[in-house]
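Peer 1: Before I ask anything, let me first share the structure, which is written out below as structure tokens.
The values are calculated or read from the model by the stated rules, or taken from the named source; none is laboratory data. Everything numeric in this text was worked out from a predicted model, so none of it was measured. So basically every Cβ, Gly included, is an ideal-geometry build from the backbone, and we count neighbours across all protein chains shown.
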Amino acid sequence: MLYRKIESLIEDHNKIFSSDELTQIFTELFKIFDKIELSRLTLLAEENETEKEIIKNKTNKEADDEDFESDFEEENLDNIKDEISEVEDVLVAFSDAIGVIFKTHQELSFPIAKKLLMSVLPGYLKNDSSNFEKKMGIFILDDM
């Protein structure tokens, strides 16, 4: 994947970015990260609605053709869960790429670390966050 190639390039050519370039890279990474995170949150809401619909249909089961509808909804739910897993894998890969940049450009990464600490991590590490969100927060902290 592209992000693995970028990681390899950065590791192989230690300190290839200037402070301005690093800021530009992170600005773009954060934009992409935010879009992917929004996609994950949308999928989670869709998963929640589909689960509610399945439960509602199971409690209101009146006709045989609802079995077909229920099977379709459960298959749809499985597809949504697969999509969520794929999106979460991409977010974890972003965390890895951020870690490589922090490792190779430590002295230039302070402004980025500050942004992560002030805007990204509080959302991931709040009490009511999901296990994935807490895991992402820990990954980012570990990479920093």
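Peer 1: I'm trying to understand the selection: among the residues of the stretch 114-144, which are crowded, with 17+ Cβ neighbours inside 10 Å and of a type in the set (Gly, Ala, Ser)?
Peer 2: Selection gives Gly137 alone.
Per-residue answers, yes or no, for (1) under 18 Å from the mean Cα position of the chain (by Cα); (2) within 23 Å of Asp142 (Cα to Cα); (3) at pLDDT 85 or above; (4) among the acidic types (Asp, Glu):
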site: Leu22; (1), (2), (3), (4): no, yes, no, no
site: Glu51; (1), (2), (3), (4): no, no, yes, yes
site: Asn57; (1), (2), (3), (4): no, no, no, no
site: Ala93; (1), (2), (3), (4): yes, yes, no, no
site: Lys115; (1), (2), (3), (4): yes, yes, no, no
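Peer 1: Do we have Phe72 as assigned to a helix (DSSP H, G or I), within 13 Å of the chain's Cα centre (by Cα) and among the aromatic types (Phe, Trp, Tyr) here?
Peer 2: Spelling it out, it is not the case that Phe72 is assigned to a helix (DSSP H, G or I), within 13 Å of the chain's Cα centre (by Cα) and among the aromatic types (Phe, Trp, Tyr).
Peer 1: Please go through the stretch 117-144 and pick out each residue that is at pLDDT 80 or above and of a type in the set (D, E, K, R).
Peer 2: Of everything in the stretch 117-144, those that are at pLDDT 80 or above and of a type in the set (D, E, K, R) turn out to be Lys126, Asp128, Glu133, Lys134, Lys135, Asp142.
Peer 1: Within the bounds of the stretch 98-106, is there any residue that is among the aromatic types (Phe, Trp, Tyr), exposed (fewer than 15 other Cβ atoms within 10 Å of the Cβ) and in a helix (DSSP H, G or I)?
Peer 2: Within the stretch 98-106 (the criterion being among the aromatic types (Phe, Trp, Tyr), exposed (fewer than 15 other Cβ atoms within 10 Å of the Cβ) and in a helix (DSSP H, G or I)), the answer is no, since none of the residues qualifies.
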